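The values are calculated or read from the model by the stated rules, or taken from the named source; none is laboratory data. Remember, it's a predicted structure, so these values are computed and weren't measured experimentally. Note that we place each Cβ from the backbone using ideal geometry, even for glycine, and neighbour counts take in every protein chain shown.
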Amino acid sequence: MEGHYYSFRAKPGSLPKGAVLISESEAIVLQRKFLEEWKNKFQVFPLNYSPVFTSGMAAVSSVMISNHFRRHMKLRNFGRFTIQLPTVFMPSMLAGLLHRYLVTDRILLQNDCGVCIQVRSICLQEAFGFVVPSILAPLACFAYAERYGTYPLPAVSKENWKHFFGIYAKIARKFSRKSGLLLFANFFLGLSVCYWQQNNFLDIHRTVAEEYKGAEDAMEKFVDQTKPLTRISRWM
């Protein structure tokens, strides 16, 4: 990375001398490498590890939603792992991965407006922290409740979809207060994590600019101090 100017936005004809034109994916790799080589790891913590928070929040929300439907379906320990695999692990993993690629990487590239990235972060967190578990959890619990006969359910058919929806609404209504809290918690976390990352990127950019400016000033001062010596050496 040293000694080169990299750009993925400029046209080949408008590049400065010695510059290298790269793709967006290569720019992300360079930015990631730059963050990994940063001496103060705590200073780049938000940009490197924020997906852990989004995954964690999605996992907590998914567990609460899944356990609520399991409890009302009286499933006890039936299918605990197989229900949590699609309703807990999958949403939490996707929340972290998609936040990394659709939010963090866009912050590093500075291609999109800040508000657009924040809205995207909120939508991703709400989707995988609340919407997806709210759909997958009852479907999985209905399937196991029918298999083990732990809850009276109508026969699976096109005519009975209203009955299933009525059962879903009845159980979901008892979770309405906690649902509101989870919606707000995921909204707040999606916004705050993105805002934290954006400020972190600006702080790092400012630090690099100050160091570069300091190096330039030091070089100018060194050149000014060595000008008399240069004249003497030429005279000799």
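Computed quantities for the displayed model
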| read-out | value |
| --- | --- |
| Some residue of segment 107-120 being in a helix (DSSP H, G or I) and within 24 Å of F142 (Cβ to Cβ) | no |
| So A59, is it more than 15 Å from L191 (Cβ to Cβ) and in a helix (DSSP H, G or I) | yes |
| Members of segment 125-144 that are β-branched (V, I, T) and without any contact (Cβ under 8 Å) to a residue 24 or more places away in the chain | V131, I135 |
| Residue count, segment 71-80 (criterion: part of a helix (DSSP H, G or I) and modelled with pLDDT under 85) | 1 |
| Among the residues listed as S61, S66, the single one being closer than 16 Å to C123 by Cα and in contact (Cβ under 8 Å) with a residue 24 or more places away in the chain | S61 |
| Lone unmet requirement of (1) among the hydrophobic types (A, V, I, L, M, F, W, C); (2) modelled with pLDDT of 80 or more; (3) surrounded by fewer than 18 Cβ atoms within 10 Å (Cβ to Cβ) for A58 | (3) |
| Segment 71-106: number of residues that are closer than 22 Å to S176 by Cβ and surrounded by fewer than 20 Cβ atoms within 10 Å (Cβ to Cβ) | 3 |
| Residues within segment 69-103 that are under 18 Å from F45 (Cα atoms) and either touching a Cys at 6+ places or on another chain (Cβ under 9 Å) or basic (K, R) (or both), tallied | 3 |
| A127 within 14 Å of F69 (Cα to Cα), hydrophobic (A, V, I, L, M, F, W, C) and assigned to a helix (DSSP H, G or I) | no |
| Cβ-Cβ under 7 Å pairs, at least 6 apart or on other chains, segment 112-124 side touching a residue at least 12 places away in the same chain (Cβ under 8 Å), far side of a type outside the set (A, V, I, L, M, F, W, C) | G114/Q198; I117/R106; Q118/Y195; S121/H99; S121/G190; I122/G190; L124/H99; L124/G190 |
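Residue-wise test of (1) surrounded by 15 or more Cβ atoms within 10 Å (Cβ to Cβ); (2) in contact with an Asp or Glu (Cβ under 9 Å, 6 or more places away or on another chain); (3) of a type outside the set (G, A, S); (4) not in a helix (DSSP H, G or I).
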{"site": "V29", "(1), (2), (3), (4)": "no, no, yes, no"}
{"site": "W38", "(1), (2), (3), (4)": "yes, no, yes, yes"}
{"site": "P46", "(1), (2), (3), (4)": "yes, no, yes, no"}
{"site": "S50", "(1), (2), (3), (4)": "yes, no, no, no"}
{"site": "F53", "(1), (2), (3), (4)": "yes, no, yes, no"}
{"site": "F69", "(1), (2), (3), (4)": "yes, no, yes, no"}
